[in-house]
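**Student:** Below is one structure. I have some questions about it.
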Amino acid sequence: MNDRTALVTGANKGIGKHIARLLAAEGLTVYVGARDAGRGQRAVEEIGAGARPLVLDVTDPDGIAKAAAQVDRLDVLVNNAGISLSLAPPTETGVEEFRRTYETNVFGVVAVTNAFLPALRRSPHPRIVNVSSGTASLAWSTHSNPQFTPGSGGAAAYRSSKAALNALTVLYAQTLAEEGFKVNALAPGLRATDLTPGAAAAGGDPAEAAQGALRLALLPDDGPTGGFFSWDATPVPW
């Protein structure tokens, strides 16, 4: 009998909903995290058997605590909720945009992860997947990369927040390794979602990216931790 549970934040749409659907198809009970109760319920109805609504705004400490109190044991946490407010370079990005972006993409991940750690520690095989971005790779953004393009410092708030998320992934992996946790980051690729609607022309199917999250969520005990992987399991340089 499969009694495993998972939580996916920002799961009422896009990649998050596809991840929740795949986990439910594997027999897990999946908490569909959504800020809006109505949208979360609609996603649950679309996903079907195994899905459960959970009102969760990753920027609301009281709401996070209330949500965590409803989950006794958790086997998989997918930190998927994220925002991107503009494509501006750092020279044209105000501090407030950085604050808002980091509030969700970085501080929200810390708040949710720490709140649900007691539930994750009750699992014999706890897994954490942080949905990051290939644009957060410092190796791919420096002069050492043959594809480095001068003047390509756009989406500064988003990209730097995901680089910070990558650092947190390593630190959580190191901290929790002796407890059997596997903590990894996913680069889902350019997908047709609310964050990047123009990706539809490039064939960026979010369901394909969700397969990568599923793989990391269900890693065996001898699987990697503290890694950064593309949706197709290819390691991504930090």
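The values are calculated or read from the model by the stated rules, or taken from the named source; none is laboratory data. In this text, all values refer to a predicted model and were calculated from it rather than measured experimentally. So basically every Cβ, Gly included, is an ideal-geometry build from the backbone, and we count neighbours across all protein chains shown.
**Student:** Inside the stretch 26-55, can you point out the residues that are of a type in the set (Gly, Ala, Ser) and in contact with a helix residue (DSSP H, G or I) (Cβ under 9 Å, 6 or more places away or on another chain)?
**Tutor:** Across the stretch 26-55, the qualifying residues are GLY33, ALA34, ALA43, GLY48, ALA49, GLY50, ALA51.
**Student:** Being among the aliphatic types (A, V, I, L, M) and modelled with pLDDT under 95 narrows it down to one of LEU219, LEU195, LEU171, so name that one.
**Tutor:** LEU195
**Student:** Could you check the stretch 104-144 and list, in sequence order, the residues that are within 13 Å of the chain's Cα centre (by Cα), under 12 Å from SER161 (Cα atoms) and among the hydroxyl-bearing types (Ser, Thr, Tyr)?
**Tutor:** Within the stretch 104-144, THR104, SER132, SER133 meet the criteria.
**Student:** Pairs only if they're at least six apart or on different chains, beta carbon under 8 angstrom, first in the stretch 49-77 and free of Cβ contacts under 8 Å to residues at least 24 places away in the same chain, second hydrophobic (A, V, I, L, M, F, W, C) and part of a loop (DSSP other than H, G, I, E, B); list them, first residue then second.
**Tutor:** Every condition considered, the pairs that remain are GLY63/LEU56.
**Student:** Ok, one more. Of the residues that make up the stretch 201-216, is at least one at pLDDT below 80 and in contact with a Phe, Trp or Tyr (Cβ under 9 Å, 6 or more places away or on another chain)? Working first, answer last.
**Tutor:** Of the stretch 201-216, the ones at pLDDT below 80 are 201-206.
Filter once more, so that each one left must be in contact with a Phe, Trp or Tyr (Cβ under 9 Å, 6 or more places away or on another chain): none.
No, the stretch 201-216 contains no residue that is at pLDDT below 80 and in contact with a Phe, Trp or Tyr (Cβ under 9 Å, 6 or more places away or on another chain).
**Student:** As an exercise: evaluate VAL76 against (1) of a type outside the set (D, E, K, R); (2) surrounded by fewer than 24 Cβ atoms within 10 Å (Cβ to Cβ); (3) more than 27 Å from ARG100 (Cβ to Cβ); (4) within 14 Å of the chain's Cα centre (by Cα) and give the number of the one condition it does not meet.
**Tutor:** With respect to (1) of a type outside the set (D, E, K, R); (2) surrounded by fewer than 24 Cβ atoms within 10 Å (Cβ to Cβ); (3) more than 27 Å from ARG100 (Cβ to Cβ); (4) within 14 Å of the chain's Cα centre (by Cα), VAL76 is out only on (2).
**Student:** Could you please find all residues in the stretch 70-104 being under 22 Å from GLY38 (Cβ atoms) and either part of a loop (DSSP other than H, G, I, E, B) or charged (D, E, K, R) (or both)?
**Tutor:** GLN70, VAL71, ASN80, ALA81, GLY82, ILE83
**Student:** Oh, and also: Mind checking whether some residue in the stretch 153-164 is out of contact with any helix residue (DSSP H, G or I) (no Cβ under 6 Å at 6 or more places or on another chain), assigned to a helix (DSSP H, G or I), surrounded by fewer than 19 Cβ atoms within 10 Å (Cβ to Cβ) and at pLDDT 95 or above?
**Tutor:** Looking for residues that are out of contact with any helix residue (DSSP H, G or I) (no Cβ under 6 Å at 6 or more places or on another chain), assigned to a helix (DSSP H, G or I), surrounded by fewer than 19 Cβ atoms within 10 Å (Cβ to Cβ) and at pLDDT 95 or above, one finds none in the stretch 153-164, hence no.
**Student:** Kindly list the number of the only condition in (1) surrounded by 23 or more Cβ atoms within 10 Å (Cβ to Cβ); (2) at pLDDT 95 or above; (3) part of a helix (DSSP H, G or I) that fails for GLY38.
**Tutor:** Status for GLY38: all satisfied but (1).
**Student:** Another question, then. So which of VAL30, VAL106, VAL110 ends up being surrounded by 22 or more Cβ atoms within 10 Å (Cβ to Cβ) and β-branched (Val, Ile, Thr)? Give the derivation first.
**Tutor:** Details: VAL106 fails: surrounded by 22 or more Cβ atoms within 10 Å (Cβ to Cβ); VAL110 fails: surrounded by 22 or more Cβ atoms within 10 Å (Cβ to Cβ).
VAL30 is the lone residue from the list that is surrounded by 22 or more Cβ atoms within 10 Å (Cβ to Cβ) and β-branched (Val, Ile, Thr).
**Student:** Continuing with the same structure: Test ASN12 against the criterion of being assigned to a loop (DSSP other than H, G, I, E, B) and either among the β-branched types (Val, Ile, Thr) or out of contact with any helix residue (DSSP H, G or I) (no Cβ under 6 Å at 6 or more places or on another chain) (or both), and give yes or no. Steps first, answer last, please.
**Tutor:** Working: assigned to a loop (DSSP other than H, G, I, E, B): yes; either among the β-branched types (Val, Ile, Thr) or out of contact with any helix residue (DSSP H, G or I) (no Cβ under 6 Å at 6 or more places or on another chain) (or both): no.
Criteria not met by ASN12.
**Student:** Please work out which residue is farthest from GLY108 (Cα to Cα), limiting yourself to the stretch 164-179 and to residues that are touching a residue at least 12 places away in the same chain (Cβ under 8 Å) and of a type in the set (A, V, I, L, M, F, W, C).
**Tutor:** This residue is ALA177.
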